[in-house]
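The values are calculated or read from the model by the stated rules, or taken from the named source; none is laboratory data. Quantities reported herein were computed from a predicted structural model and do not represent experimental measurements. In this analysis, Cβ positions are derived from the backbone assuming ideal geometry, glycine residues included, and neighbour counts consider all displayed protein chains.
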Amino acid sequence: MSETPSAATLRRAKRLGWLGYTLARVIGRTVRLYVEGWEPIERHLQEGTGAVMVSWHGRTLIPANFMRGRGIWALISLSRDGEVQAEIFRRFGFNILRGSTSRGGVRAALEAAREVKRGGVLAFTPDGPRGPSRKFQPGALLIAQKAGAPIYPAGVSAYPRILLPTWDSYLIPLPFARGAFLIGEPVWVPEDADKDAFARLAEQIEDAINTLEARAEQIVRGGRPR
């Protein structure tokens, strides 16, 4: 069982969450964002059919701004930093589930699968909460399999930007940066997929995220979208 956060921890999370959200919104409002492939996700939201969208942990600022207020689900770790992240994402209008691959993993994955099966869209960082960076962990595959829902890979970039000296090289766009948020083709996890199939799918989706991110990088540095 997880420990109940202290009152002091919750007060700290609220203060830092408000600050993080405010800074993210100020920056997000200035980004000149190109979005591609969002239409299927919007249909899932409108029709109440479940889906899982995956992108790397260090690239969440731009998607959080774009997807704000849509009632999308996010899985946030049970750590102290997770309290701050949960507060930020609540302010963005996300529904929050708590857990991670390292703490509360199976319970959180099954709870997330239930919400997706009910028609929710889950935004998931498959290399979180502590890495290794850009390495696809199997949690998203388990959620999608149990929910009978597709996984959509997504690539994100912005330029000019700051890359923080954190394990995930967290990307913060500079004011008035160009941004790109690209969603790829859906991947389905067979109901009878075994460990070997999970490994192949993890590699496939990892490659898809990296390919989309590389293309997003070209776009924000002045390349043509198509």
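Quick grid of which residues meet (1) among the charged types (D, E, K, R); (2) touching a residue at least 60 places away in the same chain (Cβ under 8 Å); (3) closer than 30 Å to Glu203 by Cβ:
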residue	(1), (2), (3)
Arg15	yes, no, no
Leu23	no, no, no
Val35	no, yes, yes
Trp38	no, yes, yes
Thr49	no, yes, yes
Val52	no, yes, yes
Ser55	no, yes, yes
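Highlighted here are the strands (runs of 3 or more DSSP E) found entirely within the stretch 78-172 that include at least 2 residues which are under 27 Å from Leu10 (Cβ atoms): 95-98, 121-124. Selection within the stretch 59-80: residues that are under 9 Å from the mean Cα position of the chain (by Cα) and not hydroxyl-bearing (Ser, Thr, Tyr). The member of this set that is farthest from Val121 (Cα to Cα) is Arg59.
Candidates in the stretch 165-176 are the residues that are aliphatic (A, V, I, L, M) and under 18 Å from the mean Cα position of the chain (by Cα); of these, the one that is nearest to Ser55 (Cα to Cα) is Leu171. Checking each residue in the stretch 179-226 for being basic (Lys, Arg) and more than 20 Å from the chain's Cα centre (by Cα) picks out Lys195, Arg200, Arg221, Arg224, Arg226. Within the stretch 179-204, which residues are surrounded by fewer than 21 Cβ atoms within 10 Å (Cβ to Cβ), aliphatic (A, V, I, L, M) and part of a helix (DSSP H, G or I)? Those that are surrounded by fewer than 21 Cβ atoms within 10 Å (Cβ to Cβ), aliphatic (A, V, I, L, M) and part of a helix (DSSP H, G or I): Ala197, Ala199, Ala202.
Condition check for Glu42 on (1) surrounded by 14 or more Cβ atoms within 10 Å (Cβ to Cβ); (2) at pLDDT 95 or above; (3) under 17 Å from the mean Cα position of the chain (by Cα): one failure, at (1).
Look at Phe176 and say whether it is touching a residue at least 40 places away in the same chain (Cβ under 8 Å), under 17 Å from Ile76 (Cα atoms) and not in a helix (DSSP H, G or I). Criteria not met by Phe176. Taken over the stretch 209-226, residues that are among the hydrophobic types (A, V, I, L, M, F, W, C), touching a strand residue (DSSP E or B) at 6+ places or on another chain (Cβ under 6 Å) and closer than 17 Å to Pro153 by Cβ amount to 4. Being more than 13 Å from Ile205 (Cα to Cα), touching an Asp or Glu at 6+ places or on another chain (Cβ under 8 Å), surrounded by fewer than 24 Cβ atoms within 10 Å (Cβ to Cβ) and at pLDDT below 95 is a property that Asp168 has.
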